[in-house]
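The values are calculated or read from the model by the stated rules, or taken from the named source; none is laboratory data. Worth saying up front: this structure is predicted, and the values here are computed from it rather than measured. Note: ideal-geometry Cβ built from the backbone for every residue, glycine included; neighbour counts use all protein chains shown. Ligands, DNA and RNA are excluded from the accessible area calculation, which covers all protein heavy atoms including side chains. Shrake-Rupley method; radii C 1.70, N 1.55, O 1.52, S 1.80 Å.
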Amino acid sequence: MFFVAALKRSEPICFPPEINGFFCCARPGSGDHLSGICYKRGYSLIAMLSITGLSYSYGPPGTGTVFHNLSLTAGRGEFVAIVGASGCGKSTLFKIIAGLLEHGGGEISLYGEPAGAAAERLGRVAYMPQQDLLLPWRTVLDNCLLPWEIRRDGSKAQAVAQIRELLQRFGLSGTETAFPRQLSGGMRQRIALLRTFAAGRPLLLLDEPFGALDAITKRELHRWLLELWNGIDKTVLLITHDLEEALLLSDRIYIMAGGTLQELAVPLPRPRTPELSYVPEFAALRREMERCLYADHRMV
């Protein structure tokens, strides 16, 4: 059983045993206690994203408040989920991080550097919105080349070679000349995710990437993503309404309710498989998430 003692410390503690390339850490949680997380070997707790006291409102100041005084972090190699009811501001938060919206107050840092204005963040993270947004008149290869066409970083031949390698890694070899209409929903989502990877940014924002899929396809993609996760060098923020998805994929979860964030650690060892959802520890974490979500009467 994975166990982290409650200690009063300000610095993370990493300790053995290493589990298949992952090691376990205790990091400051709520109050003075530590909460357990499993990280990839060789990864540090360097903040790829740091948000402090963030606020956003529609309309004049003081009206139409979406959230106020939000704070969160995401370390290198972490998989962090944000869970909350529809309309609570999750997608708005992502648009602010991506530089598509200007926030009203607070501080944002990317990769250890301040990025206060939206223009300073635009193009510095890879953002996958809720829809796959594949261009129907473009082939799979041409859709995946869009990030290169915007950046023009290196030669086209190098970009094509990188895309072909990613297609193989994503289990999509042979689809290069297919059009989106010829693909299943699960394949379209994987291609959209591949295009997000191809943007070449160390921080990925995934807004409900599997939300429109049926339960069977979603479970298959969870298994695929968990296998892929072992060998990638990315930090991921994921928005989801699916509590089991958040627990299965994430190192930490932020629960958004009433314009605030509450952090929940997921002390489950990696690597993981979907069968983990049947163990008692998983069920206990789900109950805790539900308790946090429904504690606010507005979430009922």
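Selection of region 250-276 for residues being of a type in the set (D, E, K, R), within 19 Å of Phe94 (Cβ to Cβ) and either in contact with a helix residue (DSSP H, G or I) (Cβ under 7 Å, 6 or more places away or on another chain) or open to solvent by 10 Å² or more (accessible area, probe 1.4 Å) (or both) yields only Glu263.
With under 15 Å from the mean Cα position of the chain (by Cα) and open to solvent by 30 Å² or more (accessible area, probe 1.4 Å) as the only criterion, which of Glu245, Glu208, Glu227 stands out? Talk me through it step by step, then tell me what you get.
Working: Glu245 fails: open to solvent by 30 Å² or more (accessible area, probe 1.4 Å); Glu227 fails: under 15 Å from the mean Cα position of the chain (by Cα).
Of the residues listed, the single one that is under 15 Å from the mean Cα position of the chain (by Cα) and open to solvent by 30 Å² or more (accessible area, probe 1.4 Å) is Glu208.
Taking region 102-189 as the region of interest, the helices (runs of 4 or more DSSP H) fully inside it that hold 2 or more residues being in contact with a Lys or Arg (Cβ under 8 Å, 6 or more places away or on another chain) and touching a residue at least 12 places away in the same chain (Cβ under 8 Å) are 140-144, 146-151. Filtering region 176-203 to residues that are under 22 Å from Trp229 (Cα atoms) and of a type in the set (Val, Ile, Thr) leaves Ile191, Thr196.
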